[in-house]
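Engineer: Once you've had a glance at the structure underneath, I'll fire off some questions.
The values are calculated or read from the model by the stated rules, or taken from the named source; none is laboratory data. Remember, predicted model here, so these are calculated numbers, not experimental data. Positions of Cβ are backbone-derived with ideal geometry, glycine not excepted, and every protein chain shown enters the neighbour counts.
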Amino acid sequence: MKYSCQFSVTSFNLEDFEKVDRKIKELLQNNASLNLKVSGPMPLQRTEKLFTVNSSPHGNKKARDQFFLTHYKRLWVFNVEGLKQHFLYSKLLWLFNELGSLEALSLSWKISLKKS
């Protein structure tokens, strides 16, 4: 049986993705006998929001400031063959605990089973 896990990360900062890459490489090096294949990071759509704010609370209506907020997204896909599902969960939970210390990250994941 083949297990597949999609792991997506959203962040405000591109440098956080380098930390995620390091943790995933560490996971692969420590568990080389697992036949764990990783595809990624695949860049997903970047979203930008523009906020316009009055620079003074009174009077000068034409004086405004604009701020950008950018969300960056990346996707990793883990493929494993012949591994028990709970073992895959334990490795991914370790990865999430390690990445949970990064405050600006939003993590989401989906595990699916595929018969081959």
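Engineer: Output the number of the condition that residue 2 fails; it satisfies all remaining conditions of (1) under 19 Å from residue 97 (Cβ atoms); (2) over 13 Å from the mean Cα position of the chain (by Cα); (3) in contact (Cβ under 8 Å) with a residue 40 or more places away in the chain.
Structural biologist: (1)
Engineer: Test of understanding: among 65, 16, which residue is under 12 Å from the mean Cα position of the chain (by Cα) and among the acidic types (Asp, Glu)? Write out each step before concluding.
Structural biologist: Details: 65 fails: under 12 Å from the mean Cα position of the chain (by Cα).
Unique residue meeting the criteria: 16.
Engineer: Among the listed residues 83, 95, 75, which satisfies the condition of being modelled with pLDDT of 85 or more and under 26 Å from the mean Cα position of the chain (by Cα)?
Structural biologist: Exactly one residue qualifies, and that residue is 75.
Engineer: Scan the range 57-83 for residues that are part of a strand (DSSP E or B), surrounded by fewer than 15 Cβ atoms within 10 Å (Cβ to Cβ) and of a type in the set (Lys, Arg) and jot them down.
Structural biologist: 64
Engineer: Please pick out the residue among 26, 48, 81 that is acidic (Asp, Glu) and closer than 23 Å to residue 2 by Cβ. Can you show your working first?
Structural biologist: Details: 26 fails: closer than 23 Å to residue 2 by Cβ; 48 fails: closer than 23 Å to residue 2 by Cβ.
None of the other options fit; the residue is 81.
Engineer: For residue 42, work out the one condition from (1) at pLDDT 85 or above; (2) among the aliphatic types (A, V, I, L, M); (3) more than 18 Å from residue 108 (Cα to Cα) it doesn't fulfil.
Structural biologist: (3)
Engineer: Inside the range 25-38, can you point out the residues that are modelled with pLDDT of 80 or more and either surrounded by 12 or more Cβ atoms within 10 Å (Cβ to Cβ) or in contact with a Ser or Thr (Cβ under 9 Å, 6 or more places away or on another chain) (or both)? Before you say what the answer is, go through the steps one by one.
Structural biologist: The initial filter retains those residues of the range 25-38 that are modelled with pLDDT of 80 or more, namely 25-26, 29, 38.
Matches in the range 25-38: 26, 38.
Engineer: Right, next: Give me a count of the residues in the range 39-52 that are part of a strand (DSSP E or B), of a type outside the set (Val, Ile, Thr) and exposed (fewer than 11 other Cβ atoms within 10 Å of the Cβ).
Structural biologist: 4
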